[in-house]
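No lab work stands behind these numbers, since they all come straight from the coordinates. Computed from a prediction, not measured in an experiment: that's the story for all the values here. No Cβ is skipped: glycine too gets one built from the backbone with ideal geometry, and neighbour counts run over all protein chains shown.
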Amino acid sequence: MTPTALGDTLAQVVRAVPGVAFLTPGIAGRLRSARHDPRASGPPRGALRVSRRNGGGPWKIEARIVTLAGYRACDVTRATRTAILAHLQADDAAACNDAAVTVTITGIV
């Protein structure tokens, strides 16, 4: 699976986590935010980074999210990381091994 395809799929996985309001766009995405539809299927630029070393090493996934008020940030962070790892495991158990998943909360709404 390509990083772009995996990123699009993981964006849907992250959006489905209870307590996640939306994925946070990076600076490039913020500059283009007037044209971006937050309901679009793919992640906003900079919100979800998916890469692999040398094209075949372990996945490195960075998710930037905004949480909903009333949810504990640590619970949402753990649930998001768990959902990402569960998707990797379901897709390819070997892909989950040594995957580095970082979840950053950038705000609360």
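With K and R counted +1 and D and E -1, the other residues having a Cβ less than 10 Å from that of Val101 yield a net charge of +1. Counting only DSSP beta bridges whose two residues both lie in the stretch 52-109, roughly 10 percent are antiparallel.
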